[in-house]
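All remarks here apply to the structure that follows.
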Amino acid sequence: MRIGLFFNSKLEASAAVASAIKSAEYRGRDVEFVEGDAGDDHGALDLAVSIGGDGTFLLTSKTIMGRGFPLYGINTGHLGFLASGDAQSAVRDMRKILECDCSTFPRIPLKGEIVRDGRCVQCVWALNEIMVVKSFVSRPIALSVHMGNGKLYSIQADGIIAATPTGSTAYALSAG
């Protein structure tokens, strides 16, 4: 099994958790760990592990989105809305994951495309939200929102934010 460890190597707490995971014994299982920053492409993986805060989790999800393998988050940050694991249980959790003693929870991502003159000029994927805003131009911009092959609506506005269920839950939690 090839597992990518995604974290900020400059953060001591995250690097320590990654080191503990890599050096642990996994009962003779053939496990290869690949490590690097959250924005790095680790190649073909069976599992991604994000070690850090919500920012690291979001960057990791953006890096791996659409590649068909699960993401497990270990919170070494402050709030940790998105990561279900913590530093103290990281090795135990990894053992459970490798023994398939865990559950997965699929998330619904957003795909955003900026289309000009019928041509896609930028495409992004997001786990939380996508925000499109005008530049410093003083007048509103024309926006069209499509879902699948159908147009939902068109508006003139300063911008728009579309949130996923994951993003809207995080906003509700942070607002209390």
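The values are calculated or read from the model by the stated rules, or taken from the named source; none is laboratory data. Just so you know, these numbers come straight off a predicted model, no measurement behind them. Heads up, the Cβs are rebuilt from the backbone with ideal geometry, glycines too, and the neighbour counts pull from every protein chain shown. These area figures cover heavy atoms from the full protein model, side chains too; ligands, DNA and RNA do not enter into them. Shrake-Rupley method; radii C 1.70, N 1.55, O 1.52, S 1.80 Å.
Brief remarks on what is shown
- Residues that are assigned to a helix (DSSP H, G or I), within 19 Å of the chain's Cα centre (by Cα) and among the hydroxyl-bearing types (S, T, Y), drawn from segment 1-21: S14
- Residue among V91, V145, V121 that alone is farther than 20 Å from A38 by Cα, at pLDDT 85 or above, open to solvent by less than 70 Å² (accessible area, probe 1.4 Å) and of a type outside the set (D, E): V121
- Counting the residues of segment 71-101 that are of a type in the set (D, E) and under 18 Å from the mean Cα position of the chain (by Cα) gives 1.
- One residue stands out in segment 30-64 among those that are part of a helix (DSSP H, G or I), polar (S, T, N, Q) and within 16 Å of L11 (Cα to Cα): the one that is least open to solvent (accessible area, probe 1.4 Å), namely T60.
- Residue selected from segment 41-70 under the condition of a type in the set (D, E) and over 13 Å from the mean Cα position of the chain (by Cα), by the criterion modelled with the highest pLDDT: D46
- Pairs, first under 15 Å from A13 (Cα atoms) in segment 65-91, second crowded, with 17+ Cβ neighbours inside 10 Å and of a type in the set (S, T, Y), C-beta under 6 Å, six or more apart: G73/S50; T76/S14; A87/T76
Rundown of residues vs (1) more than 20 Å from P106 (Cβ to Cβ); (2) modelled with pLDDT of 85 or more; (3) surrounded by 12 or more Cβ atoms within 10 Å (Cβ to Cβ); (4) not aliphatic (A, V, I, L, M), yes/no style:
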| site | (1), (2), (3), (4) |
| --- | --- |
| G150 | yes, yes, no, yes |
| Q156 | yes, yes, no, yes |
| A170 | no, no, yes, no |
| G176 | yes, no, no, yes |
